[in-house]
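Participant: I am attaching a structure below and will ask some questions about it afterwards.
The values are calculated or read from the model by the stated rules, or taken from the named source; none is laboratory data. The shown structure was predicted, so the numbers you read here are calculated from the model rather than taken from an experiment. Backbone-built Cβ (ideal geometry, glycine too); neighbour counts: all protein chains shown. Accessible surface areas use protein heavy atoms only, side chains included; no ligands, DNA or RNA. Shrake-Rupley method; radii C 1.70, N 1.55, O 1.52, S 1.80 Å.
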Amino acid sequence: MKMIIMEVIESLKRKKIFSMLILLQVFIFYGAVTILFLQYSSIEEKSDQVSSLKSMHDYQLADSLLEDRDMKKFTENPEFLVIAKDFYNNLNKVLDEKYIYLFNQSIAVLPDSKEWEQKFLFGYEDGRDRSAFRMNNKEPYYATKAVQMNEQAFKSYSIEVVKGNPFSTDDFINKGNKEIPVLLGSEYDEKYQIGDKILANYLMKDFTLVVKGFIRSNTLVYNSQFPELYLDRYIVMPAQVFPSPVDEEESSFQKKHYLQLVNGHIFSPENEFVVQNKLEKVKDISDFYKTSILGVNKLPINFISSTLQVSKTWLSLITVIVFIVCVLSISILIVTKLQNQLKNISVHLISGASMNQLLSYYIAEVISIILLPGILFLIIYKLFVDFSLGSYALLIISCILGMVLFSVIPVLLQFRKLEISKLLKRTE
Amino acid sequence: MEITTRSSTLWVATLYLLLGLIVASFSYYQVKQNELNALSRSLYNENSIPFIVKNHEKPVDWSKIDTSQSYTIFAELETIKVKSELQDIRGIYFKNDTYFPPLVSGRFFNHTDFYNNKKVAVIGKNVDKTNVTEKNNKYYYQYQSENYEIIGTMGAEYSSKLDNTILLNIDGVSSESLQSKFHVLDISKNPITPDGVLKFKDNTLSVNVFDRGDSGSTRSLNMDVFHLMILIFIILILISSSFIFTYYWIEKKKTEILILWQSGITTNQIFKRYSIRYFLIITICYLSICLIGYLYLSLDISWNSDVLFKYSFEYLKGLILILLSSALSVWISFNQTIKQITLKGYLNK
């Protein structure tokens, strides 16, 4: 064994440029395969998220409470709050479809001494000019971009949190009625730390926002109302369920709040008739009748899925060709190298080596060129990336097998045909 | 399976064919990526500058921006909802050059369509026909009771925002409808001063610039970083593979070179002969791949002269890269071989 290793080292040293070239090519090959793998699997991950939503329609719900004079009376009824809250809970839990609440109600923020950039202000992207204002003897308040989402929305959009923690189920239920946990878009990153508190006024009620985490940059959410909404400049709030109101002011706040919450969207692959039926059932058990499906829309994510499709096709083609080129070039190099060493065989044979020993020496050389860098890459990958390691290991192993196959088999065949006696008689 | 000299040339040819295939498919991938990006950004480029014109009574002549660069200006007139699809109506003007979107039929705007008392439109392939009328075999798009002649229909083979976009020549749109609308300027170097002044040839225009952030499919998929890394690795593979193949080829030709040298032919002549042969092999292989690439392209519906130019440019870059690295390696390996076969070198080995 020791002798084989020494032979391999000596042979690698003997033809330095050749050995270096092979090693370089092997390294580049593994690197390219790694990058292509990472790109492909990130696309794969995205397309899993997208494809679950792609086939869905967006059914927008709209209440008819405020237009109707009789119904306005109904909303002033103290019972109304209980019914609306019940309806919202049933939409989330009883309705056998995805109920997605995503809305961009702005929130007035009192940033204290912090400078508040224009880009965080509500309506900035639409060219609306907004200035600071005074409210309840406090200033300066800024109308700031915010989105509210229910738990199903948060899950369906697969929102990733890079720092801190994502919302837990408890965050969607407000017990103390004073604080609201929030996630901030990535452009808030340098402004706040996790655990920071932000004074704010939401729908005319004072709250303290507690920063729970930061959302990964370029996170996209959408429904038929907001076809392309990036969260980077938004405060993301959980759509909350509050305890029963104690006074008139609180009750007025909650009315506004729940009236928004019940005007969400249903994402479903079913047709309108089926969704309508399911909705009617929920309306029945909640005693809430004045709402209906406003319209059916396709989800605006076609452009993402077509990008994914095109990228996937071409990346896999490129990967296959890179694989073929590299395996061929590495095999050629190794075969050439081994051919050049044929003359050494005779010397070894004269010195009493058996054919099997020589064969194992060749195989050891091939393995040390192909296998060791492969293992090195696996270790580096495990240390620095560690993302779906199993499939990566499988890929690297198949690369190794491919290369070994194409470089060892030609040599083996040649070994079979080799007429050593001719070689020894110098009649090659 | 001994590798002979002839089969070595065959090997090299095969490998260069494959290298050509890498370049071709990567260029296709790149051009497609750019197209997807531009389309999902509704034709804006990634550093487009959105702004609003501050109270300005006279209509602005967008052809007179004081710059030598080519630029495109969009005016976001309206987004309307027709049969559950959102449609963007935009004014457009461009000087010299712009991004040409894939077309299904007809043509895109050209310089004769602007400031020539024309009213023309290019519409997406999904645009609802309720606002389209026909007169004397010509189709017109109606916007604010004005008729714009439809000169082309845009759309790629996949669905995109472009399918629901309507572009009108900006000078054909009345200045009232342009009032206080968002404008977007696509230009490589921003000509607007920090205090919001855009210089024209005859006067100036004060504008409010906004930072709307990037959008489009690369943004939502975070693909930029990977893209760059893949590019680097592809280049590395091109260089290292062509190096290896060249080295290998010259190795195989060693005996031939030795004989030539011993028959008294100068090394320069041998070098010339072999490198010409080698580059001929490479170029033929590469060009045949390019030919296949063009054939494939001609099957694509979004094929036009602009796309053709982009591909040719990518192919040319690939060819230069392969030729350069091969030239370097031919030179290095040839010198090595010569050193080995001339007496001095040979004795040392």
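Participant: Given the options A:Val82, A:Val147, name the one that is of a type in the set (Val, Ile, Thr) and open to solvent by less than 20 Å² (accessible area, probe 1.4 Å). Talk me through it step by step, then tell me what you get.
Facilitator: On the way: A:Val82 fails: open to solvent by less than 20 Å² (accessible area, probe 1.4 Å).
Checking each option against the conditions leaves just A:Val147.
Participant: Please state which one of A:Val210, A:Val182 is among the β-branched types (Val, Ile, Thr), open to solvent by 20 Å² or more (accessible area, probe 1.4 Å), touching a strand residue (DSSP E or B) at 6+ places or on another chain (Cβ under 9 Å) and closer than 24 Å to A:Leu110 by Cβ. First the steps, then the outcome.
Facilitator: Working: A:Val182 fails: open to solvent by 20 Å² or more (accessible area, probe 1.4 Å).
That would be A:Val210, the only listed residue that is among the β-branched types (Val, Ile, Thr), open to solvent by 20 Å² or more (accessible area, probe 1.4 Å), touching a strand residue (DSSP E or B) at 6+ places or on another chain (Cβ under 9 Å) and closer than 24 Å to A:Leu110 by Cβ.
Participant: Out of all the residues in the stretch A:299-314, is one or more within 25 Å of A:Ala62 (Cβ to Cβ) and modelled with pLDDT of 85 or more? Step through it out loud before you land on a result.
Facilitator: In the first step, residues of the stretch A:299-314 are kept if they are within 25 Å of A:Ala62 (Cβ to Cβ); the result is A:299-302.
Cutting the leftovers down to modelled with pLDDT of 85 or more gives us none.
Looking through the stretch A:299-314, none of the residues is within 25 Å of A:Ala62 (Cβ to Cβ) and modelled with pLDDT of 85 or more.
Participant: Hey, another quick one. Among the candidates B:Ser42, B:Ser25, B:Ser8, which residue alone is part of a helix (DSSP H, G or I), at pLDDT below 80 and surrounded by 17 or more Cβ atoms within 10 Å (Cβ to Cβ)?
Facilitator: Numbers: B:Ser42 fails: part of a helix (DSSP H, G or I); B:Ser25 fails: at pLDDT below 80.
The conditions single out B:Ser8.
Participant: If only one of A:Ile180, A:Ile235 is in contact with a Phe, Trp or Tyr (Cβ under 6 Å, 6 or more places away or on another chain) and within 30 Å of A:Gln49 (Cβ to Cβ), which one is it?
Facilitator: On the way: A:Ile235 fails: in contact with a Phe, Trp or Tyr (Cβ under 6 Å, 6 or more places away or on another chain).
Of the residues listed, the single one that is in contact with a Phe, Trp or Tyr (Cβ under 6 Å, 6 or more places away or on another chain) and within 30 Å of A:Gln49 (Cβ to Cβ) is A:Ile180.
Participant: Continuing with the same structure: One residue is enough: does the stretch A:106-117 have a residue meeting the conditions assigned to a strand (DSSP E or B), closer than 17 Å to A:Phe267 by Cα and of a type in the set (A, V, I, L, M, F, W, C)?
Facilitator: Within the stretch A:106-117, not a single residue is assigned to a strand (DSSP E or B), closer than 17 Å to A:Phe267 by Cα and of a type in the set (A, V, I, L, M, F, W, C).
Participant: Return the residues of the stretch A:368-397 that are open to solvent by less than 70 Å² (accessible area, probe 1.4 Å) and aliphatic (A, V, I, L, M); say none if nothing qualifies. Reasoning before the result, please.
Facilitator: Restricting attention to the stretch A:368-397, the residues satisfying the condition of being open to solvent by less than 70 Å² (accessible area, probe 1.4 Å) are A:368-371, A:373-374, A:377-378, A:381, A:385, A:388-393, A:395-396.
Those that are open to solvent by less than 70 Å² (accessible area, probe 1.4 Å) and aliphatic (A, V, I, L, M): A:Ile369, A:Ile370, A:Leu371, A:Leu378, A:Val385, A:Leu389, A:Ala393, A:Leu395, A:Ile396.
Participant: Taking B:Lys201 and the conditions (1) charged (D, E, K, R); (2) away from chain A (no Cβ under 14 Å); (3) under 24 Å from B:Thr133 (Cα atoms), which numbered condition does it fall short on, given that it satisfies the others?
Facilitator: So the condition that B:Lys201 fails would be (3).
Participant: Mind telling me which of the residues A:Ile17, A:Ile9 ends up being touching a helix residue (DSSP H, G or I) at 6+ places or on another chain (Cβ under 9 Å), surrounded by fewer than 18 Cβ atoms within 10 Å (Cβ to Cβ) and closer than 24 Å to B:Ser242 by Cβ? Break it down into steps so the answer makes sense when it comes.
Facilitator: Details: A:Ile9 fails: closer than 24 Å to B:Ser242 by Cβ.
The unique qualifying residue is A:Ile17.
Residues are listed down the side, and each one gets a yes or a no for (1) touching a residue at least 40 places away in the same chain (Cβ under 8 Å); (2) within 7 Å of chain B (Cβ to nearest Cβ):
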residue	(1), (2)
A:Ile5	yes, no
A:Ile9	no, no
A:Ile17	no, no
A:Leu21	yes, yes
A:Gln25	yes, yes
A:Phe29	yes, no
A:Val33	yes, no
A:Leu36	yes, yes
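Participant: Moving on to the next point. Can you tell me which residues in the stretch B:75-103 are within 14 Å of chain A (Cβ to nearest Cβ), under 27 Å from the mean Cα position of the chain (by Cα) and of a type in the set (A, V, I, L, M, F, W, C)? Full working, then the answer.
Facilitator: Initially, the stretch B:75-103 is screened for residues within 14 Å of chain A (Cβ to nearest Cβ), giving B:75-88, B:101-102.
Narrowing the set further to residues that are under 27 Å from the mean Cα position of the chain (by Cα) leaves B:75-76, B:87-88, B:101-102.
Hit for the stretch B:75-103 is B:Ala75, nothing else.
Participant: Let me ask something else. Considering only residues that are part of a loop (DSSP other than H, G, I, E, B) and either charged (D, E, K, R) or without any contact (Cβ under 8 Å) to a residue 24 or more places away in the chain (or both), which ones fall in the stretch A:123-154? Break it down into steps so the answer makes sense when it comes.
Facilitator: Just the residues of the stretch A:123-154 that are part of a loop (DSSP other than H, G, I, E, B), to begin with: A:123, A:127-132, A:136-137, A:145, A:150.
Result: A:Gly123, A:Gly127, A:Arg128, A:Asp129, A:Arg130, A:Ser131, A:Ala132, A:Asn137, A:Lys145.
Participant: On to the next question. Within the stretch B:92-101, can one find any residue that is assigned to a strand (DSSP E or B), closer than 18 Å to B:Lys125 by Cα and open to solvent by 40 Å² or more (accessible area, probe 1.4 Å)?
Facilitator: For the stretch B:92-101, residues assigned to a strand (DSSP E or B), closer than 18 Å to B:Lys125 by Cα and open to solvent by 40 Å² or more (accessible area, probe 1.4 Å): absent.
Participant: Only one of these conditions is not met by B:Leu323: (1) over 29 Å from B:Asn34 (Cα atoms); (2) part of a helix (DSSP H, G or I). Which number is it?
Facilitator: With respect to (1) over 29 Å from B:Asn34 (Cα atoms); (2) part of a helix (DSSP H, G or I), B:Leu323 is out only on (1).
Participant: Looking at the stretch B:268-305 only, could you name the residues that are open to solvent by 50 Å² or more (accessible area, probe 1.4 Å) and touching a Ser or Thr at 6+ places or on another chain (Cβ under 9 Å)? Outline the logic, then answer.
Facilitator: Filtering the stretch B:268-305 down to residues open to solvent by 50 Å² or more (accessible area, probe 1.4 Å) leaves B:268-269, B:271-273, B:276-277, B:279-280, B:284, B:287, B:291-292, B:294-296, B:298-299, B:301, B:303, B:305.
Answer for the stretch B:268-305, where residues must be open to solvent by 50 Å² or more (accessible area, probe 1.4 Å) and touching a Ser or Thr at 6+ places or on another chain (Cβ under 9 Å): B:Arg277, B:Phe279, B:Tyr294.
Participant: Within the stretch B:175-205, track down each residue that is open to solvent by 50 Å² or more (accessible area, probe 1.4 Å) and outside any loop (DSSP other than H, G, I, E, B).
Facilitator: First, the residues of the stretch B:175-205 that are open to solvent by 50 Å² or more (accessible area, probe 1.4 Å): B:176, B:179-181, B:188-190, B:193-195, B:199, B:201-204.
Within the stretch B:175-205, B:Glu176, B:Lys199, B:Thr204 meet the criteria.
Participant: Criterion first (of a type in the set (Val, Ile, Thr), surrounded by fewer than 20 Cβ atoms within 10 Å (Cβ to Cβ) and touching a Phe, Trp or Tyr at 6+ places or on another chain (Cβ under 7 Å)) does A:Val162 satisfy it? Full working, then the answer.
Facilitator: Details: of a type in the set (Val, Ile, Thr): yes; surrounded by fewer than 20 Cβ atoms within 10 Å (Cβ to Cβ): yes; touching a Phe, Trp or Tyr at 6+ places or on another chain (Cβ under 7 Å): yes.
Taking the combined requirement at face value, the residue satisfies it.
Participant: Which pairs have Cβ atoms under 8 Å, sit 6 or more apart or on different chains, and link a residue in the stretch A:227-242 that is within 14 Å of chain B (Cβ to nearest Cβ) to one that is open to solvent by 10 Å² or more (accessible area, probe 1.4 Å) and in a strand (DSSP E or B)?
Facilitator: A:Pro227/B:Leu86; A:Glu228/A:Leu220; A:Leu229/A:Leu220; A:Tyr230/A:Leu220; A:Leu231/A:Leu220
Participant: Scan A:Leu317, A:Leu294, A:Leu333, A:Leu279 and give me the residue that is surrounded by fewer than 20 Cβ atoms within 10 Å (Cβ to Cβ) and either of a type in the set (Phe, Trp, Tyr) or not in a strand (DSSP E or B) (or both).
Facilitator: Values: A:Leu294 fails: either of a type in the set (Phe, Trp, Tyr) or not in a strand (DSSP E or B) (or both); A:Leu333 fails: surrounded by fewer than 20 Cβ atoms within 10 Å (Cβ to Cβ); A:Leu279 fails: surrounded by fewer than 20 Cβ atoms within 10 Å (Cβ to Cβ).
Only one candidate passes the filter, namely A:Leu317.
Participant: Taking A:Asn340 as the residue in question, decide whether it is open to solvent by 30 Å² or more (accessible area, probe 1.4 Å) and within 14 Å of chain B (Cβ to nearest Cβ).
Facilitator: On the way: open to solvent by 30 Å² or more (accessible area, probe 1.4 Å): yes; within 14 Å of chain B (Cβ to nearest Cβ): yes.
So A:Asn340 passes the test.
Participant: Looking at the stretch A:272-298, which of the residues that are within 32 Å of the chain's Cα centre (by Cα) and more than 14 Å from chain B (Cβ to nearest Cβ) is nearest to A:Pro245 (Cα to Cα)?
Facilitator: Looking at the filtered set, the residue picked out is A:Leu279.
Participant: Report every pair of residues separated by at least 6 positions or lying on different chains whose Cβ atoms are under 9 Å apart, first residue within the stretch A:319-331 and within 7 Å of chain B (Cβ to nearest Cβ), second at pLDDT below 80 and open to solvent by 10 Å² or more (accessible area, probe 1.4 Å).
Facilitator: A:Leu328/A:Phe406
Participant: Still on this structure, I have one more. I need the full set of residues from the stretch B:220-266 which are crowded, with 18+ Cβ neighbours inside 10 Å, at the interface with another protein chain (Cβ under 10 Å from one of its Cβ atoms) and part of a loop (DSSP other than H, G, I, E, B), in order please.
Facilitator: Scanning the stretch B:220-266 gives a single hit, B:Met223.
Participant: Still on this model: Among the residues of the stretch B:68-90, which ones are β-branched (Val, Ile, Thr) and surrounded by 18 or more Cβ atoms within 10 Å (Cβ to Cβ)?
Facilitator: Keep residues of the stretch B:68-90 that are β-branched (Val, Ile, Thr), which gives B:72-73, B:79-80, B:82, B:89.
Within the stretch B:68-90, B:Thr72, B:Ile73, B:Ile89 qualify.
Participant: Can you name the residue in the stretch B:130-172 that is of a type in the set (D, E, K, R) and at pLDDT 85 or above and, of all such residues, is least open to solvent (accessible area, probe 1.4 Å)? Spell out how you get there, then give the answer.
Facilitator: Step one: of the stretch B:130-172, the residues of a type in the set (D, E, K, R) are B:134-135, B:138, B:146, B:149, B:157, B:161, B:163, B:171.
Right, trim to at pLDDT 85 or above and you get B:134-135, B:138, B:146, B:149, B:163, B:171.
Details: B:Glu134: 107, B:Lys135: 111, B:Lys138: 94, B:Glu146: 74, B:Glu149: 53, B:Asp163: 2, B:Asp171: 45 Å².
Applying the filter and picking the extreme gives B:Asp163.
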